[in-house]
1. Checking residue 348 against (1) surrounded by fewer than 18 Cβ atoms within 10 Å (Cβ to Cβ); (2) under 35 Å from the mean Cα position of the chain (by Cα); (3) modelled with pLDDT under 95; (4) closer than 27 Å to residue 303 by Cβ, which single condition isn't satisfied?
2. Can you name the residue in the range 246-261 that is surrounded by fewer than 12 Cβ atoms within 10 Å (Cβ to Cβ) and touching a residue at least 40 places away in the same chain (Cβ under 8 Å) and is also farthest from residue 335 (Cα to Cα) among such residues?
3. Say we look at the range 219-235 and pick out the residues that are surrounded by 17 or more Cβ atoms within 10 Å (Cβ to Cβ) and in contact with a strand residue (DSSP E or B) (Cβ under 9 Å, 6 or more places away or on another chain); which of these is farthest from residue 56 (Cα to Cα)?
4. Based on what the data block shows, is residue 178 assigned to a strand (DSSP E or B), within 23 Å of residue 27 (Cα to Cα) and modelled with pLDDT of 95 or more?
5. Return yes when residue 243 is buried (at least 19 other Cβ atoms within 10 Å of the Cβ) and part of a loop (DSSP other than H, G, I, E, B) and no when it is not.
6. Return the only residue of 79, 58 being farther than 15 Å from residue 187 by Cβ, modelled with pLDDT of 90 or more and in contact with a strand residue (DSSP E or B) (Cβ under 7 Å, 6 or more places away or on another chain).
7. From the list 371, 335, which one is within 30 Å of residue 56 (Cα to Cα), over 23 Å from the mean Cα position of the chain (by Cα) and surrounded by 21 or more Cβ atoms within 10 Å (Cβ to Cβ)?
């Protein structure tokens, strides 16, 4: 029996497009970065981001997250309530735009200050993509004197928009959903993930209170940092820091290229030096930048430049000694950057890195200026910093030299019979029969 190896002809009918919920359900990794647990976790963060944006605009100061035993999730905020009724400008209902239309939302005019100025949500993808990738998705909104309700199953709306007159104490948006196991390979988001994310968001949104309720353990966790990143660094460094915590804050405007629009930037930088703990974290518009990008480059450039300059000015380098590297500084550094901008160039939808040229340049210049003043005005502390960084540097160099010397020594002690497998020991004492072939 012969195997049929014929293939379908590749022609004009071979090209097709995904439509509706299939755009996400069949390719979740495009939006969420993965079809595994990481992607499922990011779908939750998309919904949380919208509540954070609302709170940052001054509407509500509490966000409540509930983790249920069946892997469903609920996020409630006490903001203005999501507009879900009819939109005369678009001639469609807003709930359709938000939950059923990719690239639709209220955050495209943030640079002009129309709605959300410093927005974590940006592309109009998150709510729709999360709804599309859910087994079910329920929305309850209190606003305009009404209670609105929506229900979706596997990306499809069931029953349209329910609207009834209602008395309530304050406006609110409640979203409850269950990630679909048919979309993600794993939907068992661990409690630790929620704890970590909500704590980080409390750190960079000073005064905003996050409440996490876990149905599985019956526990409730509350996260709030009244003084933001400064309180966070105090918590980390405890009594082990050998310098005081420094906090710098500024606002500026600029553009990434001459022909690009001008945008606003706010930045907060806090750090101290510690011999027992080190930490480097970057956040932009409250998204944790796992890969850093522009802020990471700015911090490294500014710190190496100013500390190297300080060491040279104080004559602390030995003759012909190489300059410090950031690794020498990082060994004793606790630093957190919290920046915001009205125009943001994220590396991708998962928002783990930003690439804005102006943010990098502005942050580098600002940090250089502040460090220069700090080193001049705090001679005792800056001497401690310089001495410790030189200790780190010289220890690293000594360790590297030791490693190289040991490697050379070990390499030199290996005889040729061990290094070249085709050479074997002689098995005869007859000199006439002992030969070597090259």
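The values are calculated or read from the model by the stated rules, or taken from the named source; none is laboratory data. Just so we're clear, the structure is a prediction, and the values are computed from it rather than from any experiment. Here the Cβ is made from the backbone with ideal geometry for all residues, glycine too, and neighbour counts use every protein chain on show.
1. (4)
2. Step by step, filter the range 246-261, then rank; the result is 261.
3. Looking at residues that are surrounded by 17 or more Cβ atoms within 10 Å (Cβ to Cβ) and in contact with a strand residue (DSSP E or B) (Cβ under 9 Å, 6 or more places away or on another chain), I get 233.
4. yes
5. yes
6. Answer to the selection: 79.
7. Values: 335 fails: over 23 Å from the mean Cα position of the chain (by Cα).
Exactly one of 371, 335 is within 30 Å of residue 56 (Cα to Cα), over 23 Å from the mean Cα position of the chain (by Cα) and surrounded by 21 or more Cβ atoms within 10 Å (Cβ to Cβ), namely 371.
Residue-by-condition table, conditions (1) part of a strand (DSSP E or B); (2) within 29 Å of residue 285 (Cα to Cα); (3) not assigned by TED's automatic domain parsing to the domain that holds residue 269:
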residue	(1), (2), (3)
127	no, yes, yes
141	yes, yes, yes
148	yes, no, yes
174	yes, yes, yes
182	no, no, yes
189	no, yes, yes
193	no, yes, yes
212	yes, yes, yes
